[in-house]
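Asks: Pasting a structure below so you can have a look.
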Amino acid sequence: MPKMISKPLLLTYFYLFIYILLSSGVILYNKWVLSPKYFNFPLPITLTMIHMGFSGLVAFLLVRVFKVVAPVKMTFEIYATCVIPISAFFASSLWFGNTAYLHISVAFIQMLKALMPVATFIMAVLCGTDKPRCDVFTNMLLVSVGVVISSYGEIHFNVVGTVYQVTGIFAEALRLVLTQVLLQKKGLTLNPITSLYYIAPCSFVFLFVPWLLLEKSAIEYSQFQFNFWIFFSNALCALALNFSIFLVIGRTGAVTIRVAGVLKDWILIALSTVIFPESIITRLNIIGYAIALCGVVMYNYIKVKDVRASQLPSESIPERISKDWKMEKKSSDIFIPGGAGSASDDVDEETPLTQSTRLSHIGRTQAGNYAA
């Protein structure tokens, strides 16, 4: 008789399926809501504020009212020097990422997101958390060339949408590096609920200023439909995605969730062409994206090799297994809201290269969280 699959393994596959389903669903849902051709609510800042307000409210209820989790020890200094700057870049990445939906297709957005490791590595080097390396630079060059080829093959190429998306990617990369530099050095660990409890309200405040300048008048003088159930379900899906990322990272490793992320990207690209017929994929799009993914896979290989090299040769096999297990389980201790994009890995005590690599995948999942 064939050997039965264990229950924990089935549960892991189920979490991966939920993650892929929610991540793809949130991105497609956001596109549908924002697109003038469909629901016609072309106000990305307003939509993002709804997500942030809803997430902050749910987190407040879970922390302060139902006391599901206890708040961390948050001083004014940590809030001012860590939470506020991280929230600012988080809000910026979501704002720019959602705005890109108004100008370019979901498929092309996913292809541009292959730049996330490049952006994260550049920001890590600039912030001093990583060092330039020839092998990594070669991979980054390969990813960049692939994205350029894919962009050249885009039939409905739009400069404004591309600039918005790339700017959002770099804002997200800087946020991830700042999270590593600021929060970890303070010894602060956040689970998905406490991270939303502190960061979502602050991001909402940062979004209020551009909303006041850019979208307030549009809401007052334009006839946009507001369907409570549409926006409620949209925000609920975005919130559920945050928790699914946490569950997947807690039960699997960084490599597994990266493979799931790549699979999700391909599924999303295919689905977007079916749901949104105006989204056309050319052969050059596919070739360019495939080249970019080769660079990302090679980058991940370097990460795995560095993790193994960081283990001391003198360690016994049980010690290595124990260390690997602890490194995997650390992912359930630190949670950074948002990809992955959209779409959203964790940060642990590995080499700087490994940290930036793990961070880069959270960023790709990040739209997953609230934007794309």
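Asks: Per residue, how many Å² of accessible area does region 166-292 show with a 1.4 Å probe? Let's see the in-between values first.
Replies: Details: 5730 Å² over 127 residues.
So region 166-292 comes to 45 Å² accessible per residue, rounded to a whole number.
Asks: At a probe radius of 1.4 Å, what is the per-residue accessible area of residue 266, in Å² to the nearest 10?
Replies: Per-residue accessible area (residue 266): approximately 90 Å².
Asks: Taking a probe of 1.4 Å, how large is the accessible area per residue of region 1-149, in Å²? Before the final figure, lay out each step's value.
Replies: Values: 6900 Å² over 149 residues.
Accessible surface, normalised per residue, equals 46 Å².
Asks: How much length is gained if the chain between residue 309 and residue 131 is pulled fully straight, taking 0.36 nm per residue apart and subtracting their Cα-Cα distance, in nm to one decimal?
Replies: Gain in length upon complete extension: 62.4 nm.
Asks: Taking the full set of protein chains and a 1.4 angstrom probe, give the accessible area of residue 135 in square angstrom, rounded to the nearest 10.
Replies: 60 Å²
Asks: Would you mind telling me the share, in percent, of accessible area of region 156-220 contributed by carbon and sulfur at probe 1.4 angstrom?
Replies: 73 percent
Asks: How would you order 88-98, 274-284, 163-173, 229-239 from highest to lowest mean count of nearby Cβ atoms within 10 Å? Show your work: numbers first, answer last.
Replies: Numbers: 88-98: 26.0, 274-284: 13.5, 163-173: 23.8, 229-239: 17.6.
By packing density, highest mean first, the sequence is 88-98, 163-173, 229-239, 274-284.
Asks: Rounded, prolate or oblate for region 245-307? Axes are the square roots of the Cα gyration tensor eigenvalues, ordered a ≥ b ≥ c, and the cut-off for rounded is a/c under 1.5.
Replies: Working: a/c = 5.53, a/b = 1.55, b/c = 3.58.
Oblate, since a/c reaches 1.5 and b/c is not below a/b.
Asks: Still on this model: Sort 133, 308 from largest to smallest accessible area, using a 1.4 Å probe on the heavy atoms of the protein chains.
Replies: Solvent-accessible surface, decreasing: 308, 133.
Asks: Something else now. What percentage of the solvent-accessible surface of region 28-149, computed with a 1.4 Å probe over protein heavy atoms, is contributed by carbon and sulfur atoms?
Replies: Values: 3620 of 4870 Å².
Ligands and nucleic acids excluded, carbon and sulfur reach 74 percent.
Asks: Out of every Cα pair in region 146-274, what percent are spaced more than 18 Å from each other?
Replies: Looking at region 146-274, the distances longer than 18 Å represent 76 percent of pairs.
Asks: Would you mind checking 131/305; 67/264; 31/113; 131/303; 131/185; 73/303 for any pair whose Cα atoms are more than 24 angstrom apart?
Replies: 67/264; 73/303
Asks: Another question about this same structure. Under a 1.4 angstrom probe, counting protein chains only, how are 13, 38 ranked by accessible area, largest first?
Replies: Descending order: 13, 38.
Asks: While we're on this one: Region 247-286 to region 81-127: how many Å between their Cα centroids?
Replies: Comparing the Cα centres of region 247-286 and region 81-127, I get a distance of 17 Å.
Asks: Related question: In what sequence, largest accessible area first, do 43, 126, 178 appear using a 1.4 Å probe?
Replies: The ranking, largest first, comes out as 126, 178, 43.
The values are calculated or read from the model by the stated rules, or taken from the named source; none is laboratory data. Since we're looking at a predicted model, the values are computed, not measured. We place every Cβ from the backbone using ideal geometry, glycine too, and count neighbours over all the protein chains shown. SASA here: full protein model, heavy atoms, side chains in, ligands and nucleic acids out. Shrake-Rupley method; radii C 1.70, N 1.55, O 1.52, S 1.80 Å.
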